[in-house]
Amino acid sequence: MAIIRASCIDCGELELTVADVKVRTSSADDTSTYYFRCPHCEMVMVKPVASRTVDMLVRAGVQSTVWHMPAEIKERPSGPMIDHDDLLDFHELVHSDDVMEAITGSVDVSEVMAKVARSQAEVRLDSDHDLQGTND
C-alpha cells in the first residue's frame, strides 16, 4: 500500500494512507487541492497540489472529485443595500415573541415587521418626550 507524506501545521510531518487523503479539482479553473484529517490532532488540512501530483495520487488510489462553483456566486443582488436600520429591525424581529411563528410561516412576516416598527416608533416618541423634558 502506498504511503503519502504530508504535514500538519500543528503536528508536523505525517505518513498517511491513500484512504486518508482526498483530492478535489475545481471545474472552473482546474486547480486542485488535497485534504486530510490529521490522525493526531484531528484538524482538517487543505493544501494546493499541482496537476502532476494529482495524477500520481490518483494512480496510487486516492479518491478524486471535481467540484463546481455554486451558481449563487454569479448572482448579483438587486434592490437597496441593507443598512443599519434594517439590521436593527432584524434584531428586533429575532428577539420578538413572534419569531418562531414568522419563521414557520404561521404568521405573516409583514405583520411582525409592522409590530416592530410600531414599537420602535413608540420608543422614539418616548425618547423625544425625555429630550423635551430635559430642555425645561
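The values are calculated or read from the model by the stated rules, or taken from the named source; none is laboratory data. Only a predicted model underlies this, so the values are computations on that prediction, with no experimental measurement involved. Don't worry about glycine lacking a Cβ; one is built from the backbone with ideal geometry, like all the others, and counts go over all protein chains shown.
Among the residues of region 38-93, the ones that are farther than 30 Å from CYS11 by Cα and part of a loop (DSSP other than H, G, I, E, B) come to 12 in all.
Could you identify the single residue in ALA50, ALA2 that is farther than 23 Å from ILE73 by Cβ and touching a helix residue (DSSP H, G or I) at 6+ places or on another chain (Cβ under 6 Å)? The match here is ALA2. PRO70 satisfies every condition listed in (1) more than 30 Å from VAL116 (Cβ to Cβ); (2) modelled with pLDDT of 90 or more except (2). In region 54-99, of all residues being in contact (Cβ under 8 Å) with a residue 40 or more places away in the chain and loosely packed, with under 10 Cβ neighbours inside 10 Å, the one that is farthest from the chain's Cα centre (by Cα) corresponds to THR65.
The number of residues in region 11-36 being in a strand (DSSP E or B) and farther than 16 Å from THR65 by Cβ comes to 6.
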